[in-house]
Amino acid sequence: MEESPVFLLCLTASSGVPLYCRSKGSSRQLTFSVIGSLNGVHMFANNQNVLLTSTCTENTKVVWRAFHDSITLIVMSSEKNASDLSLHKLLENVFGAMVLVIGLEELTNIKNVERLKKDLRSCYKLIDSFLMENENMGDLTQSVDCVITNDLAILQECLDSFTQAAESNFGCLMAGGKVVAATEKWWRLAAQEVMLLCWLVASLPPHSSRDYPVYLPQGSPTVPHRLLTFQLVPGVDVCVLCGPSPTLQKVETELVERFWKPVLDPIKSCLRVQMRAFPASVPLHHGIQGLLLVNRDFNKSLYTVQAHPVEAMQAPELKLTLEQRRSALRTFYTLAISRYFTSDSSDGKTNLQYEETFPNGFTHSAHQCYTVSSSHKCYGMKTDLYLLFLLFNADVPTFSMRTIANKTLQLFSKDFPF
């Protein structure tokens, strides 16, 4: 089956000059006339004081977004589960990726279009990672995908000492693109910044060490910091965000082996839990196929569609593929967030363009919701601290989903705190 195409366009807002076009699932390129039409209708609406954010054709959804009156991003998607929420998040992530890699100044004060086009090439791998199928959910939830490991206390202590020795307060240990441990100040960075940094490291080719300049989209969009990364074992990296010192060579030769060699076995154990996101000792109900748990205080999440170390034996027709599980859980998350679990962020900002009006007659805010289909069931729960989304087998009784969800939430809030 041919993959549904997705096209991402980046243009200058003032003149509509195309800066790049990235695509997924299609070998054909958009013609200049199509690009001009997509940009033209958006510019015409702006001239009429109309904010055009999205529209639908028979089989395609189109979303526009202008950033700082300088850059216009347009996405066209023919995917079945494409929604305003997911596509707006995609555009936010893409612009954040551009700021992270080349800085806000180059994007808002465009002096040479051809030079900007060249500079933007360094963003392509990170941007493309948001277009492709992924085993993480941070791009949609704007939280950081994490894993729970039995050796967290040891690794956390080692990370804190290593980061301090590297003259920084911002350190992170990653396995397969997911955070194992991070320093206290790393978690204080803006949620999108932490998510983008993790996706950047995961999108780069494996390397023993790196010294990579990055701009923090909210904390430091015009002044770069240094992101130092070191591969401890294949698939596991330690990252430090720092200033002009120390040198990469000093950290690599004097600190990495001294701090991390003694904990080599706990480091390797991280790789054994990265797909499930938590140890095999964490007991889940046998009917759960997928799980997404978001810690709202720290903007971190646990996500898996391989909820059990060994899949329970089932009739083949009752099982969803891993890709179908990812799609089902992403679709349910989007439904719940845009329709029922409406935004109540502490800064007072709401994503009104994502949220649908709750059915007339209901003035309260929902805290639980569920869906039922012939192939699976989903259940969502919202508390002051967590958002929990579960994907169930179709044969799990509907009346039992609430009880299972409550027990699962208790498991990760008390027995294996996250």
With a sphere of radius 15 Å drawn around the Cβ of ALA45, what net charge do the other residues whose Cβ falls strictly inside it have (Lys, Arg +1; Asp, Glu -1)?
-> 0
Carbon-plus-sulfur fraction of the accessible area of region 1-128, 1.4 Å probe, in percent?
-> 49
Which whole-number value in Å² is the accessible area per residue of the chain, probe 1.4 Å?
-> 48
To the nearest µm²/s, what D does Stokes-Einstein give for region 1-135 at 20 °C and 1.002 mPa s, using the Kirkwood radius over alpha carbon pairs as Rh?
-> 141
Could you rank ILE267, ILE148 by how accessible they are, 1.4 Å probe, largest area first?
-> ILE148, ILE267
When we measure straight from the Cα of LYS261, which lysines land under 18 angstrom away, once same-chain ones fewer than 8 places off are left out?
-> LYS250
Taking the alpha-carbon centroid of each part, what is the distance from region 87-157 to region 390-410 in angstrom?
-> 34
Rounded to one decimal in Å, the inverse mean reciprocal Cα-Cα distance for region 30-108, i.e. its Kirkwood radius, is 13.6
Using the Cα gyration tensor of region 256-295, the equivalent ellipsoid's semi-axes, largest first and to the nearest Å, work out to 29, 11, 7
Of the candidates LEU126, ILE110, LEU85, the farthest towards the positive dipole end of region 44-147 (Lys/Arg Cβ +1, Asp/Glu Cβ -1, centred on the Cα centre) is ILE110
Too long at a 21 Å Cα-Cα cut-off: which of LYS382/LYS407; LYS24/LYS61; LYS80/LYS117; LYS24/LYS125?
-> LYS80/LYS117
Descending Cα extents along the principal axes, region 36-82, whole Å = 31, 19, 18
So, by mean Cβ neighbours within 10 angstrom, what's the order for 212-225, 395-408 with the highest one leading?
-> 212-225, 395-408
Hey, could you grab the Kirkwood Rh for region 223-305? Inverse mean 1/r over distinct alpha carbon pairs, Å, one decimal.
-> 15.7
Using +1 on the beta carbon of Lys and Arg, -1 on that of Asp and Glu, and nothing else charged, what's the dipole of the chain about the Cα centre, debye to 20?
-> 300
Note on region 163-319: alpha-carbon gyration tensor, axes a ≥ b ≥ c; rule is a/c under 1.5 for rounded, else prolate if a/b larger than b/c, else oblate; result prolate
Extreme residue, positive dipole direction of the chain, given options ASN295, PRO206, ASN39 (C-beta unit charges) | ASN39
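The values are calculated or read from the model by the stated rules, or taken from the named source; none is laboratory data. As the structure is a prediction and not an experimental result, all values here were calculated from the model. Reconstructed Cβ throughout: ideal geometry from the backbone, glycine too, with neighbour counts over all protein chains shown. These area figures cover heavy atoms from the full protein model, side chains too; ligands, DNA and RNA do not enter into them. Shrake-Rupley method; radii C 1.70, N 1.55, O 1.52, S 1.80 Å.
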